[in-house]
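**Student:** Below: one structure in structure tokens.
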Amino acid sequence: MKVVVTLEELRAARRTLPDPLGLVPTMGFLHEGHLSLVRRARNECVSVAASIFVNPTQFGPDEDLDAYPRNLDRDLSLLEAEGVDLVWTPTDEMMYPQGFQTWVTVDELAGVLEGAQRPGHFRGVTTVVAKLFNAFQPQRAYFGQKDAQQAAVIKRMARDLDFLLEVVVCPTVREPDGVAMSSRNSYFDETQRKAAGMLYQALSRAAEAFAAGERDAETLRRLMSETLATEKLARPEYVSVADPDTLEELSGPIERALLSMAVFIGKIRLIDNMLLGDGA
Ligand code: AMP
């Protein structure tokens with residue numbers, strides 16, 4: 001496995017890798033969720049590359065950029081064990097050199113849900129992902145359903161800007177109690193970690209009601225909110241039943257939906273989601 005830091009090294013190393021190349025962009029502190037993307041890429045592509053970059057432009061001023069967990073040595077040995085061919089670990093200055101002033105933005109799709117709560121977040125995501133696509137020139141890029149809106153926004157960007165690649169979205173990998181794996185779970189103490197299970201319980205309660213025939217969007221939203229309210233440590237920021245394609249909030253009877261939520265447990269903000277109906 002080759003590990004490179006500069007863009008020039010990356011481009012030279014990329015040229016030696018046979019197509020199709022699968023790219024797995026990450027912010028590091030890898031867990032089984034990340035590794036599931038790497039394994040999928042390894043199965044589907046001749047070459048596999050990953051990036052490890054804690055992207056400062058997708059963090060708001062009051063968010064956890066400085067505290068974000070990092071362990072590069074461990075990440076590299078995990079990637080090597082999965083048979084990854086190439087890893088790029090650029091510095092902030094390489095990604096955003098002096099004078100940087102060009103941004104990629106997606107409008108409506110990035111303006112709701114996470115985008116409404118975290119202004120500028122998706123501008124940071126789409127800009128860095130566009131740069132990664134240009135640098136690696138992958139034929140496929142792998143993202144997690146865990147960040148459902150991010151996957152939708154990146155798909156939209158790839159289509160709108162004619163990136164010649166396929167965006168592959170992989171299922172959310174969960175802990176035994178249903179908590180979606182996340183680098184941020186490492187912040188929790190034991191009580192908070194238990195409380196984090198309530199997001200999955202709330203999503204499951206609505207999914208079970210849907211499976212039993214409940215179709216009213218408002219009722220599904222209420223079931224999730226009521227379930228979250230049983231956990232004192234959980235402070236919901238939003239609870240959403242949205243159209244899976246447009247991410248517009250739904251009302252009345254639904255056929256398919258993206259259930260999603262952002263919930264604070266202490267100072268830690270968690271997101272999770274589940275798809276209902278076709279495509280779930
Ligand atoms: P991050 O390092 O948080 O930027 O995540 C890198 C990629 O891994 C993104 O495409 C995430 O959606 C994906 N990912 C993170 N957690 C999970 C998970 N629990 N299951 C599946 N994919 C995940």
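The values are calculated or read from the model by the stated rules, or taken from the named source; none is laboratory data. Please read these numbers as outputs of a predicted model, since none were measured by experiment. Cβ atoms come from the backbone with ideal geometry, glycine included; neighbour counts cover every protein chain shown. Note: areas computed on protein heavy atoms with side chains; ligands, DNA, RNA excluded. Shrake-Rupley method; radii C 1.70, N 1.55, O 1.52, S 1.80 Å.
**Student:** Can you give the accessible area per residue of segment 183-274, in Å², using a 1.4 Å probe?
**Tutor:** Here the per-residue accessible area is 48 Å².
**Student:** Counting pairwise Cα distances across the chain, what percent come out greater than 33 angstrom?
**Tutor:** 22
**Student:** From the phi angles alone, apply the Karplus equation (6.51, -1.76, 1.60; θ = phi - 60°) to segment 121-131 and give each ³J(HN,Hα) in whole Hz, x where the residue is Gly or Pro.
**Tutor:** 4, 6, 4, x, 5, 5, 5, 5, 5, 4, 5
**Student:** Give me the percent of the accessible area of the chain that comes from carbon and sulfur atoms, probe 1.4 Å, all protein chains in place.
**Tutor:** Summing carbon and sulfur atoms, their accessible area is 50 percent of the total for the chain.
**Student:** May I ask for the net charge around Phe53, where only other residues with Cβ less than 13 Å from the Cβ of Phe53 are counted and Lys, Arg are +1 while Asp, Glu are -1?
**Tutor:** Net of charged neighbours comes to -1.
**Student:** Moving on. Taking only C-alpha pairs under 8 Å that are 6+ residues apart, what is the relative contact order of the chain in percent?
**Tutor:** 17
**Student:** Turning to a different aspect of this structure: Check which residues have an amide H placed less than 5 Å from Phe264's amide H, if you skip close sequence neighbours.
**Tutor:** Those qualifying (amide H under 5 Å, at least 5 residues apart or on another chain) are Arg235, Glu237, Leu270.
**Student:** Could you give the radius of gyration (one decimal) and Dmax (whole number) of the Cα atoms in segment 1-160, in Å?
**Tutor:** Considering segment 1-160 through its Cα atoms, Rg and Dmax are 15.1, 42 Å.
**Student:** Residues in segment 189-223 near a label at Glu255, defined as backbone nitrogen under 20 Å from the 7 Å Cα→Cβ point?
**Tutor:** Label zone hits: 207, 210-220.
**Student:** Report the antiparallel proportion of the DSSP beta bridges in the chain as a percent, rounded to a multiple of 5.
**Tutor:** The answer is about 50 percent antiparallel.
**Student:** Just to confirm the number: angle between the C-alpha axis of helix 32-44 and the first principal axis of the chain, 0 to 90 degrees, nearest 10?
**Tutor:** It works out to around 60 degrees.
**Student:** When the dipole is taken about the Cα centre of segment 183-274, and only Lys, Arg (+1) and Asp, Glu (-1) are charged at their Cβ, what size is it in debye, to the nearest 20?
**Tutor:** 500
**Student:** A follow-up question, please. If you count only protein heavy atoms with a 1.4 Å probe, what accessible area per residue comes out for segment 2-170, rounded to a whole Å²?
**Tutor:** Result: 47 Å² of accessible area for each residue.
**Student:** In debye to the nearest 20, how big a dipole does the chain give about its Cα centre with +1 on each Lys and Arg Cβ and -1 on each Asp and Glu Cβ?
**Tutor:** 380
**Student:** Against the longest alpha carbon principal axis of the chain, how many degrees, from 0 to 90 and to the nearest 10, is the axis of helix 72-81 turned?
**Tutor:** For 72-81 against the chain, the angle is about 90 degrees.
**Student:** Measure nothing but the geometry: give the 0 to 90° angle between the long axis through the Cα atoms of 217-229 and the longest principal axis through the Cα atoms of the chain, rounded to 10°.
**Tutor:** 90
**Student:** How much FRET efficiency would the formula 1/(1 + (r/R0)^6) give for Glu63 and Arg215, where r is the Cβ-Cβ distance and R0 is 35 Å, rounded to 0.05?
**Tutor:** Between Glu63 and Arg215 the formula returns 0.45.
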